[in-house]
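Single-structure report; data block below.
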Amino acid sequence: MSQQDAVRLAHQATFGPTEALVADMQTKTAADWVAQQMAATGSRYGSGGGDVVHKYTEQGGTYCDTAAGKAIPNCWRDLYSSWPLMGDFYKNAVNNGDQLRQRVAYALKQIVVISAVDIEGTYGMRNYNNMLLDNAFGNYRDVLKKVTLSPVMGDYLSNSNNDKASPNENYARELLQLFSIGTCELNLDGTLKTGKCVPTYNNENVREYAYALTGWTYPAGGASPWGCWPQGTNCRYYTGDMVSVAAMHDTQARKLLPVTKTVPANTAAPQALELVLDSLMAHPNTAPFIGKQLIQHLVTSNPSPAYVQRVAQAFSAGKFASFGAGRNGDLAATVAAVLLDTEARSTQPARTFGRLREPVQMFTSTLRALNGKTDGEILGWWWGETLSQHIFRPPTVFNYYPPDYPVAGTPLVGPAFAIHNANTAIERINFLSYMNWVSTASDQANAATKFNLQPFVDAYTADLGASPADATAKLVDRLSMLAVGAPLPATARSEAIRAVDAWTQNNAGDSWRSYRVQQAVTMVFGSPQFAIVR
Amino acid sequence: MKANPLSMNRRQLLRLSALSTAALGLGGVGGLMMSTRSARAQAADYKALVCIFLYGGNDSLNTITPTDATRYKQYADVRKTLALPQSSLVALGNSEYGLHPSLAALKPVWDAGKLAPVFNVGPLFSPLTKDQYRKEPETSDLIPDALFSHSDQQVLWESSTTESVTRTGWGGRTSEAMQLASPVVSVGGNGRFGVGALQVPLVLPGWPGASLKVDGFSSQWQPQQVGEQAMRAMYGAPQDSDLADAFTRQQRFAFEVSSRLTSVLEITPGGTGATAAIDNAFASLITPPANGNQGTLKTDLSQQLYQIAKLIAANDRVQGTRQIYFAQIGGFDTHDNQIGDTVLNGRHAELLKELGDAVAAFYNAMAGIGYGDKVTTFTQSDFGRTFTPNNNRGTDHGWGGHHLVLGGAVKGGTTYGEYPALVLGGPDDVGVDAWELQGRWIPKIGVDQYAATLLNWFGAGAVLDTALPNLKNFPTRTIGFV
C-alpha cells in the first residue's frame, strides 16, 4: 500500500493512523493486513464493579445506600454507570493492536444499541460490549441471538418479562426496524424497491413477532429488596442469557415474514426464537440493510448501489475471496467486502465519497496520531456531551444519528452531520485548542488525556537547525501525511505554514517552537481534509 | 494559540460546574438581579413560533383526559392501573377535560384563554376515514409511511409529509420560502424540522452560559490573529468533495454566528445582562448565582426555553422579524413503567412536570418582556400511544395524539378538534380484529392543518402550499386556534 492508501485504510478500519501503523501497513497488501487484523484479539472491557448491584436485599435504596455500598468510593460511578467502560473503550482504542475488531464492534454497537441513559449496572454493559468484540467477525445471526437473549437488551427494550397476555411491542418492533430488515423493501443494492417506501411489515406483523418473542426472563442469580416481580420471573440480573418461562410464552401459531413462514402452535420460546431469527436472516432486506450501514460506519456515507450490492452478496454468501465461513450473515466476509471493495480503495474517489469523522473518532485519531494517552474521563461528560457523542450514552436506541440524515445543499446523506452544527463546529476546534494546551502547559503534567508533541518539536527543532527555510513546510507536511495521507491542498497548506511561522521567539518567548507545532496541529487536524474521511 | 491557560481553566471549570448544578439548592433571585434592562426595542411587527418536540411519543390520553362521567368511565375501564383518578385531573373550566396533575402550571394559561388543546392530530395525506384506512393497500398514498415507527413518524411530523424519505422539515421549508433572515434556531439539536433544501438549522447550545466562542479568535495577540486568518482562509477555499464543502459552509456559518450571538448565549440567570422579566418568570426553576457559581436552571427543557427567551428578547441579533425556534424533551417512549408506585408519579408524570413548568415559565417570560402576543408555542410528538396498556404498566406506539398550543395570540380557553371515541375497535381506532384492539387513533386533523394554522398566524399565508405540499388535500386548511 502507498502512504495514502494506508492512511485511508487506517481511517476506515482503525481508530486512526499512527506513524508506526502506517509504516507497517505499507509493507502489506490491504487484504493481508485485513486478514491479520481479523486474527488479532486482546481488547476487553474489564473495569467497574460486579453483579452485587443486583444481588442485595437490604431495604432503603440502591446498593450504594447499603452498608457495603457506602464503603465503596464512587459506588454509583463504578458499579452502576458506564463510566468505567468509557476508560476501557478509549484506552483500548488508542493503545491496542486489534483495531479492526474494535472498529467493527463499535459499528455494531451503533446498530444494536443499548444506552446507559436508561440502563444501570456496569457489569451488564460490560458483558454486552465484550460480546460485540467477541462476535465482530462472527455471524450476524449469532449477534442477533445474543442481543435478543441479552438481559441488558431485554431490560432496555422491555422484552424481559414480556408476557403473552398483552405483550409490549417494543423489542419486536426495533428488532425488525433497526436490527434486521428496516421499514421499506429494498433491492439487493440497498435502493428502495419502487423508488418509494413499500412497507416491509405492518402492525400485525409486529404483534405476531412480539407474541413469538414472549416468555423470557432474566437469568437466575439476581435478588432484590422488593422481591422479584411479576411472580414466576427472575429478578433483574445481567450475567448470562435470559431464560424462558413457559407460562409467559405465547403458544398460538404466529405468522412471520414472509407470510409462508410461521411459528407453529405450541412452540416453546427457544425454538420460536430460532424461527424468528431464521425468518429475519432469510429476509432479502437484511443483507443490504446491515451491509449498507457497515459501509456507512466504516467507509462512506453514500456508497453506490453497486458497492452495496457487492457487500450484500458477501453477507448472504458468507464468503468474500478467502474471507468468511460461507454461511449467510458472515461478518468477516462482509467486513472484508466493505473494506476491500474498489470503491473503498479507489485512489481517485468521487466527489460524493467520504464520511464526516464523528466526534469519538476525532478524539481517538488525534490521540493516536499525536502519541497521545487517555483514561477516557474528559471524553465523556465533558467533550462527549459537548460534541453530542458521549460513548455508551446514545440518547435512544436510534443511536446518536440516523443513517439517512440529509446534508442540506447536497443530494447526499451524512449520518454524523446529524450531530454536527454551528455549536459543535466551534467545539471541534476548541477541542484541539484544549488538547494542545493541556498537553504542553507546565501545570498539566499529570493530565490523563494528552498528546505528546515532543517528538514533533524535537524533529522540527533539528530541521530548523539544518534547513530553516524548509522546516515549517516539512512539519506541516509530516502531520498532513499522517492525518490525511497527503499534503494539504494548496490554500490550506500555505495558510498553515503562514500561521505556524507567525510564532516567534519575540512574541512567544522560549516556547515558540512548541507553539509552532501546536499551530500546525490545529490547522492539519482542523482541516476539512481531516474532518471528511476520504 | 497559546493557549491562555487562565481562560482555559475558567472555561473548564464553568463546564464542569454546570454538570453538578443539580446538587445546588434553591433560592430567590429577586435581589440578585444584576440588570433590569428591559427588552430591546420591540419590532413593531415581530412574530416567533416555538416548537417543542416531545421525543418518544407522548401518551396524550394521559395528558388531557375527558372528565365527563361517560367518557371518564370508558377511559378508566380500559386504562385500568394507568388511569389517572378523576379527582386528580386539573379541571379546565368550561370544558369536559382535565390536564394531568403534573401540568397544573398551565391552568392559569387556560384560565386566561391562552391555552388551546388540539385533539387527535397526526400525519395524514388527506382526510382519512376508517373505511379508507382498512381498504387502501399499504402502499397507497393515503396511508402515511411506516406508521407507529419512532424515527419515521418523527420525520413525518417534522416534515409535515407522509413520506419517510422526506429530507426537509416544515420549519426549514418555511424559512426558505419566506426568505427569512435567520434559519430555524434550535436549542435542541439538529432535528429534521429545521432542515431546508439548502439551509441547515442554526443549532445553539441548549443551556445558558455555554459559550459559542472559538478559542484564540478575536485575539489581540498577533500570532493568534494570523492563526484566525489562516483558519478562515482554509475554510473559505473550495473543496474536492461535496461533504467537505458542506463542512466548510457550516464552519463559516458558525464563525459568523459566534461573533453575533455569543454575548446573548453567555447570559445566565441573575448574571450580567440578564433580563429581570425573564428571570422572574423562570424564578421557581432557577438556582440563583451563589458562591461564585453562575445561576442555573433546574431542568433540561427550562434551560432550552430560557435560551429561547433570551434570544427572542435579543431578536435583533438573531435577525429578521419572523423567527422559528425548536426545543425538545425526550424520554416519552413509555413501553414499561410509565407510572411509578402510584399513577401520579413515575416517568410520565415527571416528564409532564418538566414540560408544564418550563412552558408556563416561558409563557410568562414572553408576557413579561411585552412579547406575549408575538410568540406562539406548540408541541409535536412522534405519535400518541395505545389506549390499551400493555402488561408492563406501559403503552405502545399509536398514531393521532393531542397537542398543546399557547401564547398571547392563541384563541384558547377552548379545545379544538374531536377527542377520539374511547372505544376499542370504534370509529377512530385503526383496529377491527381482536389482535389489534389497542386503540391507535386515526387522526382527524392532519399535521398540515395544524402547521398551516400556526404558519398562517406567522404570516406565511403566501407560501403555505410551498411549505406544506399536502395542504391542498385538505378542504379545511386551518383550524383557527390562533
Cα gyration tensor category, rounded, prolate or oblate, for the protein assembly as shown with a/c compared to 1.5: oblate
Which distance in nm do the two modelled labels at A:Ala462 and A:Thr347 give, with both placed 7 Å along the Cα-to-Cβ direction? 2.9
Calculated [θ] (222 nm, deg cm²/dmol) that DSSP helices of n ≥ 4 give over the protein assembly as shown, each run adding -39,500 (n - 2.57): -12000 deg cm²/dmol
Relative contact order of the range A:191-237, pairs being alpha-carbon contacts under 8 Å that are 6 or more residues apart, as %: 28
Place a point 7 Å from Cα of A:Ala441 in the direction of its Cβ. Which residues in the range A:447-468 have their backbone N less than 11 Å from it? A:447
Pairs B:Lys80/B:Lys298; B:Lys107/B:Lys130; B:Lys374/B:Lys411; A:Lys28/A:Lys292; A:Lys145/A:Lys292; B:Lys107/B:Lys411: which exceed 23 Å Cα-Cα? B:Lys80/B:Lys298; B:Lys107/B:Lys130; A:Lys28/A:Lys292
By the scheme Lys and Arg +1, Asp and Glu -1, what is the net charge of all other residues having a beta-carbon under 14 Å from that of B:Phe53? -4
Hey, fewest Cβ within 10 Å first, where do B:Leu156, B:Leu424 land in order? B:Leu424, B:Leu156
Determine, from the Cβ-Cβ distance of A:Arg44 and B:Ala104 and an R0 of 60 Å, the FRET efficiency 1/(1 + (r/R0)^6), rounded to the nearest 0.05. 0.75
DSSP bridge pairs, the protein assembly as shown: antiparallel proportion in percent, nearest 5: 60
Anisotropy class of the range B:338-482 from Cα gyration tensor, a/c 1.5 cut: oblate
Among B:Val432, B:Gly417, B:Pro443, which residue has its Cα positioned farthest towards the positive end of the charge dipole of the range B:388-461, with +1 placed on the Cβ of Lys and Arg, -1 on the Cβ of Asp and Glu, and the dipole taken about the Cα centre? B:Gly417
Shielding by partners for B:148-154, please: the mean number of other protein chain Cβ atoms within 10 Å of each residue's Cβ. 6
Listed with the fewest Cβ neighbours within 10 Å leading, A:Thr334, A:Thr194, A:Thr260, B:Thr139 appear as A:Thr260, A:Thr194, B:Thr139, A:Thr334
Distance (nanometres) between label positions extended 7 Å along Cα→Cβ at B:Tyr46 and B:Asp77: 5.3
What is the extension gain from A:Asp501 to A:Asp134, computed as 0.36 nm multiplied by their sequence separation minus the C-alpha to C-alpha distance, in nm to one decimal? 127.3 nm
Between A:Val117 and B:Gln179, what is the spin-label point distance in nm, taking each point 7 Å from the Cα along the Cα→C-beta axis? 3.9
With r defined as the distance between the Cβ atoms of B:Ala112 and B:Val423 and R0 fixed at 41 Å, what FRET efficiency is calculated, to the nearest 0.05? 0.75
Between the range B:281-316 and the range A:274-290, the Cα center-to-center distance that results, in Å: 49
Total charge dipole magnitude, the range A:483-534, about the Cα centre, Cβ charges on Lys, Arg, Asp, Glu only, Debye to nearest 20: 140
Shielding of B:128-139 by partner chains, average beta-carbon count, 10 Å: 1
Suppose we keep just the DSSP beta bridges with both residues in chain B; what percent of those would be antiparallel, to 5? 45
Note on the range A:321-366: alpha-carbon gyration tensor, axes a ≥ b ≥ c; rule is a/c under 1.5 for rounded, else prolate if a/b larger than b/c, else oblate; result oblate
Between A:Glu385 and B:Asn345, the FRET efficiency computed from the C-beta separation at R0 = 22 Å comes out, to the nearest 0.05, as 0.20
Can you sort B:Arg440, B:Arg393 from fewest to most other Cβ atoms within 10 Å of each residue's own Cβ? B:Arg393, B:Arg440
Additional length obtainable on full extension of the chain from A:Ile72 to A:Ser224, 0.36 nm per residue less Cα span: 52.8 nm
If you count, for each residue, the other Cβ atoms within 10 Å and average over each peptide, how do B:405-411, A:397-403, A:120-126 line up from highest to lowest? A:120-126, B:405-411, A:397-403
Charge context of B:Phe458, other residues only, Cβ under 11 angstrom, K/R +1, D/E -1: +3
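A short reminder: the numbers here are calculations on the coordinates, not readings from a lab. It should be emphasised that the depicted structure is a prediction, and the values quoted were computed from it without experimental measurement. Cβ sites come from the backbone with ideal geometry, for glycine too, and all protein chains shown count toward neighbours.
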